[in-house]
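Taken together, the values in this text are just the output of simple stated rules run on the coordinates, not laboratory data. Just so you know, these numbers come straight off a predicted model, no measurement behind them. Here Cβ is always computed from backbone atoms with ideal geometry, including for glycine, and neighbour counts include all displayed protein chains.
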Amino acid sequence: MSRYPGFAFDILHRDPASQARLGRLTTPHGAIETPNFIFCGTKATVKGVTPDQLRAEQTDIILSNTYHLMIQPGAEVVAAMGGLHKFMGWDGPMLTDSGGYQIFAMGHGSVADEVKGRRTTTREKTLLKITEEGAKFRSYMGGEHLFLTPEKSIDIQRKLGADLIVQLDECTPFHVDRNYTARSMRMSHRWGDRSLAEFERGGGLSANGLPQAMYGIVQGGVYPDLRKESAEYTKDRPFFATAVGGSLGAHKEQMVEVVAMAMAHVHAERPVHLLGIGGIVDIFAGVRLGIDTFDCVSPTRIARHGWALVPGVKGERLNLRNGRFKSDPEPIDASCGCYACRKFSRAYLHHLLKAEELLAMQLVSLHNIHTMNRLMRDVREGLRTGTLDAVEQRWVWRE
Ligand code: GUN
Ligand code: ZN
């Protein structure tokens, strides 16, 4: 019997022109086709959007965060409510991140945030201390101290009950030196072993009794030998899948180099997730390197600020707050079949944004969710038919 009953990853087709592959990732809550995009439902909600709306815009899979949910409402509450799926009304595949990213994002400040295209946060004092044992935080709610260890992260993720769970790691920031990166990476490896041991202790089952499957994480910053060491670490351990994390460099070209360093050495038959990447150009690059799934807060976060993703447009997005849309009768994107585009004009959305109406955030979110799902469908179709270059030309603006 498989170490991960209820889970499978089948590679259905390999692209002759790149490392890209078409696959099927099966979980106890259904199967998804890959490449695919995982939407962020950080606090057990994709902000402003119901599970039925996610489904209506053809969403396959979402994620939530250990760090946020351990603080509010607490893993025990979620477990008592029957687990995250039941609690939030999402019955499809789901992943929880381990808290490893928050150790970095909220602890080390904002430099690498900007590198990854994220808006900066001002919670720089959240992380109090990282030791071999774990990470000490200040809660974003009451300010009380919290301690997250690999064992605790896995225990919380067992209580949350997502299908796919992630080892605890330190997402190494961009601005630290090679020495820090190497020491941090090796500590993440030891945390990975402790995460696996805790997972085994729990029998690989959620608090609900459903099987879960764990991702190991490749760290190593921008250093080829460290990325190789880390990829080989994950390959040699009984993880179900691989995630590529940490600093991916200072710009897009370096991101491709860094991901390639990891991809040369990861387990070839396991699904690979690229953590925190979700730009359209980056997704094409990642897919060609063999990445199977992506996640990023960006599509839903920018939506709440009035930015709509549109294929083939310079910068990938339109700012619907721009005055030029004030009397524009067209939908956001005439080629889009989302609820917002079927029903409303740019002028109406512009008005809602200016009036700070809640509905604006919801409608632009629905559009961006639909657009990311359409992108991933087009990518898969491109792989199936050997037309990925043509698909990329339709989606990516180039001078
Ligand atoms: N999200 C974005 N980057 C990372 C990372 O390096 N580790 C984890 N756990 N989550 C992430
Ligand atoms: Zn739309």
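Give me the number: length gained by fully extending residue 335 to residue 269, i.e. 0.36 nm times residue separation minus the C-alpha to C-alpha distance, one decimal in nm.
Working: separation 66, 0.36 × 66 = 23.76 nm, distance 3.60 nm.
20.2 nm is the gain from fully extending residue 335 to residue 269.
Quick one: what do you get for the range 177-332 if you divide its Cα Rg by 2.2 N^0.38 Å?
Values: Rg = 19.2 Å, N = 156, 2.2 N^0.38 = 15.0 Å.
So the range 177-332 has a normalised radius of gyration of 1.28.
With springs only between Cα atoms under 10 Å apart, run a GNM on the chain and tell me which of 337, 92, 192 wobbles the most.
The residue that fluctuates most here is 337.
Given springs between every Cα pair under 10 Å in a Gaussian network model of the chain, which of 132, 151, 170 has the largest fluctuation?
Among 132, 151, 170, the largest mean-square fluctuation in the Gaussian network model of the chain belongs to 132.
If Lys and Arg each add +1 and Asp and Glu each add -1, what is the summed charge of the other residues whose beta carbon sits under 14 Å from the beta carbon of residue 194? If you can, show how the numbers build up before the last one.
Values: positive: 152, 186, 190, 201, 237; negative: 132, 133, 151, 155, 169, 170, 193, 198, 200.
Net charge in that neighbourhood comes out at -4.
Which semi-axes, in whole Å and largest first, does the equivalent ellipsoid of the chain have when worked out from the alpha carbon gyration tensor as the square roots of 5 times its eigenvalues? Please list the in-between numbers first.
Working: eigenvalues 200, 117, 94 Å².
Calculated on Cα positions only, the semi-axes equal 32, 24, 22 Å.
Under the Karplus relation 6.51 cos²θ - 1.76 cosθ + 1.60, θ = phi - 60°, what is the ordered set of whole-Hz ³J(HN,Hα) values for the range 326-335, x standing for Gly and Pro?
For the range 326-335, the Karplus curve yields 4, 10, 8, x, 6, x, 3, 9, 4, 8 Hz.
What ratio of Cα Rg to 2.2 N^0.38 Å holds for the range 231-286? Walk me through the intermediate numbers first.
Details: Rg = 11.4 Å, N = 56, 2.2 N^0.38 = 10.2 Å.
In units of the globular-protein estimate, the range 231-286 measures up at 1.12.
Can you spot the lysines whose alpha carbon is less than 28 Å from residue 136's alpha carbon? Ignore those fewer than 8 places along the same chain.
By straight Cα distance, residue 136 reaches 43, 47, 116, 125, 152, 159.
Can you give the Rg to Rh ratio for the range 176-262, taking only C-alpha atoms and Rh from Kirkwood?
Values: Rg = 14.4 Å, Rh = 13.7 Å.
Rg/Rh: 1.05.
Stretched out fully, how many nm does the piece from residue 128 to residue 72 gain, at 0.36 nm a residue minus the Cα gap? Mind dumping the intermediate values first?
Values: separation 56, 0.36 × 56 = 20.16 nm, distance 1.93 nm.
Difference between extended and current length: 18.2 nm.
Quick one: if you stick a label point 7 Å off each Cα along the C-beta vector at residue 324 and residue 138, how many nm between them?
Distance between label points: 4.4 nm.
Assuming R0 = 30 Å, what is the FRET efficiency of residue 297 and residue 145, from their Cβ-Cβ distance, to the nearest 0.05?
Taking R0 as 30 Å, the efficiency between residue 297 and residue 145 is 0.70.
Contact order normalised by length for the chain, with contacts defined as Cα pairs under 8 Å and 6 or more residues apart; what percent is it?
Relative contact order for the chain comes out at 16 percent.
When only alpha-carbon atoms are used, what values of Rg and Dmax, in angstrom, describe the range 307-395?
14.0, 46
Near residue 314, which lysines are there with a Cα under 17 Å away, not counting those fewer than 8 places off in the same chain?
Hits, sequence-local ones excluded: 252.
Antiparallel versus total DSSP beta bridges in the range 8-303: what percent is that, nearest 5?
Values: 19 of 42 bridges.
Just about 45 percent of them are antiparallel.
For the chain, modelled as a GNM with alpha-carbon contacts under 10 angstrom, which of 352, 320, 366 fluctuates the most?
352
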